[in-house]
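Here is the structure we will look at, set down as structure tokens.
The values are calculated or read from the model by the stated rules, or taken from the named source; none is laboratory data. All of these numbers come straight from a predicted model, not from anything done at the bench. With ideal geometry, Cβ positions are generated from the backbone for all residues, glycine too; neighbour counts draw on all protein chains shown. Only protein heavy atoms, including side chains, enter the accessible area calculation; ligands, DNA and RNA are left aside. Shrake-Rupley method; radii C 1.70, N 1.55, O 1.52, S 1.80 Å.
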Amino acid sequence: MRNLKLVLAFDGTDYAGWQRQKDIPTIQGTLEDCIRIMTSEGNVVHGAGRTDAGVHALGMVANFHTGSVIPAQGFYRGLNSLLPDDIRILKALEVPEDFHSRYSAVGKVYQYRIFSGPVLLPTDRLYCVNVHWNLNIKAMAECLKILVGQHDFSSFEATGSRDVDKKCGRGAVREIFSADFKPEDKLHFFYFEFAGDGFLRHMIRNIVGTVLEVGIGKRTVESFISVLKKQDRTFAGPTAPAKGLFLKEVLYGN
């Protein structure tokens with residue numbers, strides 16, 4: 001059996017996230033259906049992670065095993081001809097048998113886009129969140145600095161992120177390599193960017209919702225520090241909408 005790696009981008013607006021679900025459109029389900037048309041096999045596609053409904057990707061990684069002799073470039077061309085326009089294969093290549101898109105990954109990079117101007121163009125409405133206030137960018141940057149390093153992120157963890165009764169593993173501890181808030185080239189557009197060794201369910205969206213409260217003066221930097229230390233979701237801010245979140249890149253050891 002050959003092991004094929006795919007790098008793909010998708011607009012998650014019309015999908016119930018990555019993971020296949022019965023009678024509901026998902027990225028994994030759509031991709032598997034198209035691969036099976038090409039191979040006539042019961043291929044299972046493994047993703048680097050599960051994205052929520054409405055979340056987008058610029059560089060999701062997936063892999064699947066096949067006995068087909070179709071070359072990697074054949075899958076690249078064939079899948080792009082079969083997939084809907086909101087899912088696109090960017091790369092397809094053959095990889096070693098032991099490569100796994102999820103378990104071989106050492107980290108991920110996410111972006112969260114916001115617009116701070118008075119009127120958001122309709123063409124951008126599905127890909128960023130409109131914030132109608134002036135933002136204290138300096139205070140927000142202070143919050144993001146605090147996140148860098150290894151912390152228990154229970155305060156920003158959604159229910160169902162993991163089995164909290166399990167005492168093994170690392171629990172809610174994750175390491176953030178970098179956390180930034182940057183302007184885009186277009187006026188009034190900004191984005192958060194987080195790189196880390198892993199992220200809990202809704203973790204980025206909960207962090208963004210809380211940092212934005214600091215940005216608009218609803219809470220202080222000291223309050224944000226307190227939220228992180230309490231390890232209790234009830235003290236953090238709201239969950240930011242899914243549409244602003246993009247999986248930018250999956251990181252591997254090489």
(message) I'd like the accessible area for SER81: 1.4 Å probe, protein heavy atoms, all chains in place, Å² to the nearest 10.
(response) 90 Å²
(message) Between region 35-109 and region 185-254, what is the separation of their alpha carbon centroids in Å?
(response) 28 Å
(request) Considering Cα pairs under 8 angstrom that are at least six residues apart, work out the relative contact order of region 1-107 and quote it in whole percent. (result) 42 percent
(request) Quick one: angle between helix 203-215 and the longest Cα principal axis of the chain, in degrees between 0 and 90, rounded to 10, please. (result) 30 degrees
(message) With every protein chain kept in place and ligands, DNA and RNA left out, what is the accessible area per residue of the chain? Probe 1.4 Å, answer in Å².
(response) 49 Å²
(message) Multiplying the sequence separation of VAL95 and ASP152 by 0.36 nm and subtracting their Cα-Cα distance, what value in nm do you get?
(response) 17.1 nm
(request) Please report the relative contact order for the chain, taking Cα pairs under 8 Å with a sequence separation of at least 6, and give it as a percent rounded to a whole number. (result) 24 percent
(request) Assign one of three labels to region 61-104, namely rounded, prolate or oblate, based on the Cα gyration tensor with a ≥ b ≥ c the square roots of its eigenvalues; rounded applies when a/c is under 1.5, prolate when it is not and a/b is larger than b/c, and oblate otherwise. (result) oblate
(request) Among ALA242, ALA92, HIS46, flag the residue with its Cα farthest along the positive direction of the charge dipole of the chain, charges on Cβ as +1 for Lys/Arg and -1 for Asp/Glu. (result) ALA242
(request) With 5 Å bins from zero, work out the P(r) of region 99-232 over every alpha carbon pair and list the percent per bin. (result) 2, 9, 19, 21, 19, 14, 9, 5, 2, 0
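If I stretch the segment between HIS65 and MET1 completely, what's the gain in nm (0.36 nm per residue apart, minus their alpha carbon distance), one decimal?
Taking 0.36 nm per residue and subtracting the Cα distance, the gain is 22.4 nm.
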(message) Using helices alone, I'd like the mean residue ellipticity at 222 nm for the chain: each DSSP H run of four-plus residues gives -39500 (n - 2.57), total over residue count, nearest 500.
(response) -7000 deg cm²/dmol
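Just the number, please: carbon plus sulfur as a percent of the accessible area of the chain, 1.4 Å probe, no ligands or DNA/RNA counted.
With neighbouring chains kept in place, the figure for the chain is 53 percent.
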(message) I'd like to know which of PHE177, VAL214, VAL119 lies farthest towards the positive end of the charge dipole of the chain, counting +1 on Cβ of Lys and Arg and -1 on Cβ of Asp and Glu.
(response) VAL214
(message) Give the lysines reachable from LYS108 as a straight Cα distance under 19 Å; neighbours fewer than 8 places away on the same chain don't count.
(response) LYS5, LYS91, LYS145, LYS182, LYS243, LYS248
(request) Please arrange GLU41, GLU213 by accessible surface area, largest first, computed with a 1.4 Å probe and ligands excluded. (result) GLU41, GLU213
(message) Taking the Cα centre as origin and putting +1 on Lys and Arg beta-carbons and -1 on Asp and Glu beta-carbons, what dipole magnitude results for the chain, to the nearest 20 debye?
(response) 380 debye
(request) Please list the equivalent ellipsoid semi-axes of the chain, computed as the square roots of five times the alpha-carbon gyration tensor eigenvalues, in descending order and whole angstrom. (result) 34, 21, 15
